[in-house]
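Everything below concerns the one structure shown next.
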Amino acid sequence: ETIAGLDGQTYIKFIAHDPYYYKLSEEQIIKTNLSGKSNEFLLTNIGNQKCFPTIKIIGSGDITVSILNTDKTITYSSCTITSVVSAVTLDSLYCNCLSGSGANWFDKFDGTFPLFPSGKFVLKIEGSISAVYISPNYRWI
């Protein structure tokens, strides 16, 4: 679509579609019966691009989520959610931090939303948690 401009200028409007391919039926990663103040999970992003996961954490208090390389020397992203009552959901694609009932908790969020790098990585969650539900949203280009 071409839109006429002013003073001999022409403006062109482009429609750019999402260039990524996504897995059609993705299984959720579920970790339950968790205890202790620190839980680490070795995960693999099967896509060839970083992905924007949705992570639901069942727990309470202050919770910190970190994404590390496998030898834990590099932190890709880290965030802290304060004063969690029963659950919190982090939606990295839309940059949402929601309570268990769906209320916006962005004022309790500090840091960067989790991004899963391609390949193997460590998901570290610190705080009083009992379960984690992860929808990785794998993608390819």
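Some notes on this structure:
- Within the accessible area of the range 9-81 (1.4 Å probe), percent carbon and sulfur: 52 percent
- Approximate spin-label separation I29-K72, in nm, with each point projected 7 Å along Cα-to-Cβ: 1.7 nm
- For the range 51-56, 3J(HN,Hα) per residue [Karplus equation, 6.51 cos²θ - 1.76 cosθ + 1.60, θ = phi - 60°, Hz, x = Gly/Pro]: 10, 10, x, 10, 10, 9
- Summed over the residues of the chain and divided among them, the accessible surface reaches 60 Å² per residue at a probe radius of 1.4 Å.
- Residues considered: S92, S78, S101. Largest GNM mean-square fluctuation over the chain, using C-alpha springs under 10 Å, is found at S101.
- Amide H to amide H distances under 5 Å link Y76 with I67, L68, N69, where only residues 5 or more positions off or on other chains count and H is placed in the peptide plane.
- Option label - Rg/Rh (Cα atoms, Kirkwood Rh) computed here, alternatives (1) 1.03; (2) 1.13; (3) 0.98: (2)
- Most to least accessible of E40, E27 (protein chains only, probe 1.4 Å): E27, E40
The values are calculated or read from the model by the stated rules, or taken from the named source; none is laboratory data. Every value quoted in this text rests on a predicted model; they were computed, and no experiment measured them. So basically every Cβ, Gly included, is an ideal-geometry build from the backbone, and we count neighbours across all protein chains shown. Calculation scope for accessible area: heavy atoms of the full protein, side chains included, ligands and nucleic acids excluded. Shrake-Rupley method; radii C 1.70, N 1.55, O 1.52, S 1.80 Å.
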